[in-house]
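The values are calculated or read from the model by the stated rules, or taken from the named source; none is laboratory data. Predicted model only: the values in this text are computed from it and were never measured. Please note: Cβ atoms are built from the backbone with ideal geometry, for glycine as well, and neighbour counts cover all protein chains shown. Quick note on the areas: whole protein, heavy atoms, side chains included, nothing else; ligands and nucleic acids left out. Shrake-Rupley method; radii C 1.70, N 1.55, O 1.52, S 1.80 Å.
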Amino acid sequence: MTGTVITVAPTGAESSKAVVPALPVTLDELVSTAKECEALGASIIHVHIRDAAGEPTLDPGRLRATVAALRQGTDLIVQLSSGGAVTDPESARLAVLDAGPEMASCTMGTVNFGDGVFLNRWEFIVDLHTRMQERNIVPEYEIFDLGQMTSLARLLNKYGLPAGGHVHVDFVMNVPGGMPGTTEALVACKAVMKDLPEGSTFAATGIGRSTVDVILASLSAGGHLRVGMEDTITYKKGVPVESNAQLVARAKAFAELADRPPLTTSQARELLGVKR
Ligand code: KMH
Ligand code: ZN
């Protein structure tokens, strides 16, 4: 399939509504953002949710309601974050799977994350991977640094393929503490794709000002794209992002220029082995 899977990551756990008023934090805001982004060519939504005060939460009831509302309002592949915020305990992160998403993230190692630590112990990763296998939830393996690709190869060798049988990774680049958002780093990660099963696919996202560099590098290397206000709140130097739709529209334009237009939601499901 020659098109591009565009994932939108609209909210994240790091920005606050007070500082970024355009950030979708309520369920209504999230669903209308999702609809806009789907219409522009997004096929996956990577979801972090907020509580009534706009703070990050992994509340099980809210997660279930979010999955239901996104399913009802869109055909997007719903990918819940199992990463949460750096302060979330492992038990709450594992319980995210109980909300029954089609996909969930699975980060392949511990990384410094700004002033915090995004902790992902080996045993925790194994737990996430095997629970997703049991529940037919397709993982997106999140890679913040090169060595995490080696951990992924080890995970798959020891514990088998994920639900759906297809391996898809996302290079999350330029987190302060992780790999840089550069073409060189992306090429290094792509080189290690050879250690993953034949046909494995990758997407990439560049945090902050590396966003456009990473879009261009990923498209030119045959990769897919993730964009959204989880990853960048500045459209270009000195210009705040107006909406997630603005970022998806830009990603779509780049993908079309590269002659790899956005895949539809059903094409993305077929590629990634995701069953609705
Ligand atoms: N919020 C970060 C600490 C994920 O969603 O799986 C973790 C994160 C990764 O965003
Ligand atoms: Zn996330």
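When the C-alpha to C-alpha distance is required to be over 28 Å, the pairs from Lys236/Lys275; Lys237/Lys275; Lys158/Lys194 that qualify are Lys236/Lys275; Lys237/Lys275.
For the stretch 126-235, the extents of the C-alpha atoms along the principal axes are 40, 26, 24 Å, listed from largest to smallest.
Of the trypsin sites (Lys or Arg not before Pro) found in the stretch 156-252, those in coil by DSSP whose Cβ has at most 15 other Cβ atoms within 10 Å are Lys237.
When 1/r is averaged over all different Cα pairs and the result inverted, which Kirkwood radius in Å belongs to the chain?
Computed over Cα pairs of the chain, the Kirkwood hydrodynamic radius comes out at 18.2 Å.
Note that the stretch 69-169 shows a convex hull volume over its alpha carbon atoms of 106 Å³ per residue. Across the stretch 162-218, the relative contact order, built from alpha-carbon pairs under 8 Å that are at least six residues apart, equals 45 percent.
Distance between the pseudo-spin-label points of Thr87 and Ala69 (7 Å out from Cα toward the beta carbon): 2.2 nm.
Rolling a 1.4 Å probe across the protein heavy atoms gives the chain an accessible surface of 41 Å² per residue. Heavy-atom accessible area, probed at 1.4 angstrom with all protein chains present, ranks Tyr159, Tyr235 as Tyr159, Tyr235, highest first. Using a probe of 1.4 angstrom, how much of the accessible area of the chain is carbon and sulfur, in percent? Ligands and nucleic acids excluded, carbon and sulfur reach 53 percent.
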